[in-house]
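The block underneath contains the structure these notes are about, expressed in C-alpha cells.
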Amino acid sequence: MTTQKAADHIVQWLSDYLGQTGLKGFAVGISGGIDSAVTSTLCARTGKPVLALNMPILQAKDQVSRSSAHILWLEKHFSAVKGIDIELTPVFEQVKTCFPHDIQDGLTMANTRSRLRMLTLYAFASNHRLLVAGTGNKVEDFGVGFFTKYGDGGVDISPIADLMKSEVYAIGKDLGIIDDILSAPPTDGLWEDNRTDENQIGATYAELEWAMKYLASPGKKSLTDRQKQVVDIYKKFNTANRHKMLPIPVCPVPGELWTA
C-alpha cells in the first residue's frame with residue numbers, strides 16, 4: 001500500500017465513522033508534533049468541520065510556534081478548519097495550588113497537563129458536537145503505551161493507531177506537513193525541561209518499531225547487545241503500561257450469588 005492509498009483509506013474511514021454518529025466533525029489537539037499534524041490533516045481532508053486546538057501549558061516556544069504554524073497551514077488549505085488558541089497555563093497553576101505538595105511529583109503533574117488538555121478538548125467537542133480524534137500511533141498506543149491514561153489516551157477515535165511512527169512520517173511528508181514538524185524530535189511536551197520521547201524511553205522509535213516486529217515474530221538470528229537492550233526496554237514499558245491498552249477490567253458476578 002502506498003502512502004497516498006493509506007491516507008485515502010483513513011480519510012474514508014473517518015468520513016464513514018462520522019456519518020454513523022450523527023455528529024458534525026472532529027476536534028484535534030495540536031502539539032507541534034508529527035502525529036497531531038497528520039491526524040488533523042487527515043480529518044480536514046474529509047471536508048467536515050475540524051477544530052484544531054493549540055493548548056499550551058508552560059510550553060517551549062518552539063512547540064507553540066510549530067502548533068500555530070500548522071494550524072495556519074490547515075486553515076489556508078482547508079476551509080472547514082478553525083484554529084483555536086487556549087492558554088491553559090493559568091488553569092494548571094491553579095490546580096497546583098489545590099493539590100497537596102507531596103503528590104506533585106514530575107510524572108503526576110505531567111499527566112495532569114495531559115488530562116487538562118483532554119478536558120478542554122471534550123468541552124469544545126461537546127459544545128460543537130464533534131468527535132475527539134486521537135493522535136497516538138501504533139508503537140505508542142499498542143507497543144510501549146507511551147501516553148497518558150484519560151489524557152491524550154482519552155479519545156473517541158484513533159485514526160492513526162494502526163500506523164507505525166515511520167509510516168506516520170511517510171504519510172506526513174506526502175501530505176505536505178511543514179518541514180519544522182517533520183524534522184522536530186518527538187516529544188510529549190509535558191515536561192518543563194523539554195525532554196524528548198527518546199530521553200524518556202531510552203530508545204528511538206525506529207528501535208521500538210524493530211522490537212515490536214521482532215517480538216511478534218522472533219527469528220533465530222543472534223541479537224547484538226543493543227538489540228537485547230532495546231527488547232528489554234520495549235518489554236518493560238509494554239508490561240508496565242498494559243493496563244492502558246486493555247479494556248477496563250469488569251468483575252463478573254455470578255447470577256446464583258443473588259439467590260437465597
- request: Return only the number of the condition from (1) β-branched (Val, Ile, Thr); (2) under 24 Å from ASP162 (Cα atoms); (3) touching a Leu at 6+ places or on another chain (Cβ under 8 Å) that ILE86 does not satisfy.
  value: (2)
- prompt: List the pairs whose first member sits in the range 186-202 and is among the acidic types (Asp, Glu), whose second member is in a helix (DSSP H, G or I), and whose Cβ atoms are under 8 Å apart, counting only residues at least 6 apart or on separate chains?
  reply: ASP188/ALA110; ASP188/SER114; ASP188/ASP197; ASP188/GLN200; ASP197/TYR205; GLU198/TYR205
message: For LEU121, only one of the following conditions fails: (1) in contact (Cβ under 8 Å) with a residue 40 or more places away in the chain; (2) surrounded by fewer than 20 Cβ atoms within 10 Å (Cβ to Cβ). What is its number?
response: (2)
message: Please go through the range 95-122 and give me each residue that is out of contact with any helix residue (DSSP H, G or I) (no Cβ under 7 Å at 6 or more places or on another chain) and not in a helix (DSSP H, G or I), ordered by number.
response: PHE99, PRO100, ASP105
message: Taking the conditions exactly as written (more than 13 Å from the chain's Cα centre (by Cα), within 30 Å of LEU18 (Cα to Cα), without any contact (Cβ under 8 Å) to a residue 60 or more places away in the chain and surrounded by fewer than 20 Cβ atoms within 10 Å (Cβ to Cβ)), does SER183 satisfy them or not?
response: no
task: Inspect all residues belonging to the range 233-242 and state whether any of them is surrounded by fewer than 17 Cβ atoms within 10 Å (Cβ to Cβ), hydrophobic (A, V, I, L, M, F, W, C), at pLDDT 95 or above and within 20 Å of the chain's Cα centre (by Cα).
output: yes
field: Matching residues, the range 226-253, being out of contact with any helix residue (DSSP H, G or I) (no Cβ under 8 Å at 6 or more places or on another chain), aliphatic (A, V, I, L, M) and within 18 Å of PHE146 (Cα to Cα)
entry: ALA240, LEU246, ILE248
message: Condition first: within 17 Å of LYS24 (Cα to Cα) and surrounded by 20 or more Cβ atoms within 10 Å (Cβ to Cβ). Can you find one or more residues in the range 65-72 that meet it?
response: no
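Please find, among GLU87, GLU93, GLU75, the residue that is modelled with pLDDT of 95 or more, among the charged types (D, E, K, R) and crowded, with 16+ Cβ neighbours inside 10 Å. Explain how you work it out, then say what you get.
On the way: GLU87 fails: crowded, with 16+ Cβ neighbours inside 10 Å; GLU93 fails: crowded, with 16+ Cβ neighbours inside 10 Å.
After applying the criteria, what remains is GLU75.
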query: Looking at this structure, is LYS213 more than 18 Å from the chain's Cα centre (by Cα) and either assigned to a loop (DSSP other than H, G, I, E, B) or more than 25 Å from VAL168 (Cα to Cα) (or both)?
result: no
query: Hey, among the residues in the range 205-226 that are free of Cβ contacts under 8 Å to residues at least 12 places away in the same chain and surrounded by 13 or more Cβ atoms within 10 Å (Cβ to Cβ), which one's farthest from GLY143 (Cα to Cα)?
result: LEU223
- request: Would you confirm whether any residue within the range 187-194 is surrounded by fewer than 18 Cβ atoms within 10 Å (Cβ to Cβ), under 19 Å from the mean Cα position of the chain (by Cα), over 21 Å from LEU163 (Cα atoms) and not acidic (Asp, Glu)?
  value: yes
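Could you say which residue among SER40, SER31 is in a helix (DSSP H, G or I) and surrounded by 20 or more Cβ atoms within 10 Å (Cβ to Cβ)?
Numbers: SER31 fails: in a helix (DSSP H, G or I).
Residue meeting the stated conditions: SER40.
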- prompt: Of (1) part of a helix (DSSP H, G or I); (2) acidic (Asp, Glu); (3) crowded, with 17+ Cβ neighbours inside 10 Å, ASP152 satisfies all except one. Which?
  reply: (1)
message: Which condition from (1) farther than 19 Å from SER126 by Cβ; (2) surrounded by fewer than 24 Cβ atoms within 10 Å (Cβ to Cβ); (3) among the β-branched types (Val, Ile, Thr) is the one that THR21 breaks?
response: (1)
- prompt: Of all residues in the range 4-28, how many are part of a helix (DSSP H, G or I), in contact with a helix residue (DSSP H, G or I) (Cβ under 8 Å, 6 or more places away or on another chain) and either of a type in the set (Phe, Trp, Tyr) or at pLDDT 95 or above (or both)?
  reply: 5
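The values are calculated or read from the model by the stated rules, or taken from the named source; none is laboratory data. None of these values were measured; they are calculated from a predicted model. Cβ atoms come from the backbone with ideal geometry, glycine included; neighbour counts cover every protein chain shown.
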